[in-house]
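A.B. asks: So that we are looking at the same thing, I have put the structure below in structure tokens.
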Amino acid sequence: MQSEKFKSGYVSLTGRPNVGKSTLLNTILGEKIAIVSPKPQTTRNRIVGVKTMPGAQIIFIDTPGIHKPRHKLGELMVREAQESSREVDLILFMVEPEEPGGGDRFIVELLKGLQKDVFLLINKVDIVKRPQVLPVIEAYSKLYPFKEIIPVSALTGDGMDILLEKIVEHLPEGPKYYPDDIVTDQMERFMVAEIIREKVMQQTEEEIPYSVAVEIIQWTEREPESGDGAIVIHANIYVERKGQRGIIIGKGGSKLKAIGTSARLEIQKLLGTKVFLELWIKVKRDWRSNENILRELGFK
């Protein structure tokens with residue numbers, strides 16, 4: 001019988017692009033459910049991760065980084081981040097170990113209107129000395145009455161135990177929303193598309209990553225009795241301009257082959273079975289600013 005003291009709730013991760021929100025989520029869950037890249041604005045959709053512990057269940061929402069949008073996709077990403085923060089029990093505002101800049105101050109102003117408990121997470125403390133964090137704490141404390149201020153390293157896991165303990169303290173009593181073995185509510189097809197997009201980002205430079213979308217167009221599971229039980233996946237990689245198509249393909253198809261091989265190996269690990277992956281590059285001119293195309297690709 002479940003204890004009456006069981007605690008549960010929704011917790012959103014917010015902050016500027018590229019501060020380490022997806023890395024933090026993956027570290028907490030012990031599994032990779034969000035793609036990670038050194039390039040900003042990696043997360044485009046709201047990704048839900050579930051951490052179940054004795055006596056508590058935390059449902060994390062990793063939101064797109066809040067930034068000044070330059071196209072329709074950017075507007076949708078920022079709106080998604082803001083709407084997610086309105087629905088939760090607790091907000092984790094992640095920053096880097098430096099005094100607040102204009103982007104951080106902008107987010108603080110948004111937080112003031114939400115009337116939610118907010119933790120400040122100072123990430124990347126593994127790359128600075130502890131005394132350097134003190135003025136950062138002081139500067140942020142003057143901007144907002146944070147419930148907790150916790151230095152962490154999403155990369156090394158430093159501070160995770162304290163963070164989880166403090167989150168549980170601030171959550172209300174509630175039901176267990178997901179079974180113990182669930183770590184994300186994301187569909188396999190979405191996660192496969194994200195893996196492919198991540199590999200494109202790793203293999204390309206400059207503006208290419210922001211101009212890429214991935215759509216799964218075919219997913220066939222072979223029967224173990226008549227075949228090998230493998231999954232055959234066909235996916236389109238969309239870019240905005242013809243020149244970008246050539247960059248992703250690479251000389252003699254070398255770059256596309258590297259993307260496909262790297263993605264296939266990770267997808268096989270995710271799905272636990274052999275995978276055949278076919279990738280095509282398609283041009284959808286200025287798709288990030290076209291509402292109809294954004295809807296077709298699953299952006300709301």
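The numbers here are math on the coordinates, done by the rules we state, and not lab data. Remember, it's a predicted structure, so these values are computed and weren't measured experimentally. Every residue, glycine as well, gets a Cβ built from its backbone with ideal geometry; the counts of neighbours run over all protein chains shown.
A.B. asks: Assuming R0 = 22 Å, can you tell me the calculated FRET efficiency for the pair residue 188 and residue 278, based on Cβ-Cβ distance, to the nearest 0.05?
C.D. replies: Once the sixth-power term is evaluated, E becomes 0.80.
A.B. asks: Between residue 220 and residue 53, what's the calculated FRET efficiency when r is the beta-carbon distance and R0 is 41 Å? Round to 0.05.
C.D. replies: 0.60
A.B. asks: Same structure again: Order these by the 10 Å Cβ neighbour count, fewest first: 161, 62, 104.
C.D. replies: Lowest to highest Cβ neighbour count: 161, 104, 62.
A.B. asks: Say R0 is 30 Å: what FRET efficiency, to the nearest 0.05, do residue 254 and residue 31 get from their beta-carbon distance?
C.D. replies: The formula returns an efficiency of 0.45 here.
A.B. asks: Using label points projected 7 Å from each Cα along Cα→Cβ, tell me how many nm separate residue 149 and residue 115, to one decimal.
C.D. replies: That separation, rounded to one decimal, is 2.6 nm.
A.B. asks: Once you've got the Cα coordinates, tell me which of 242/284; 176/269; 51/269 are over 18 Å apart.
C.D. replies: Violating the 18 Å Cα-Cα cut-off are 176/269; 51/269.
A.B. asks: Could the peptides 120-131, 12-23, 105-116 be put in order, highest first, of the mean number of other beta-carbon atoms found within 10 Å of their residues?
C.D. replies: Most protected by this proxy first, the peptides run 12-23, 120-131, 105-116.
A.B. asks: Residue 170 to residue 268: extension gain in nm, 0.36 nm per residue of separation minus the Cα-Cα distance?
C.D. replies: Difference between extended and current length: 31.5 nm.
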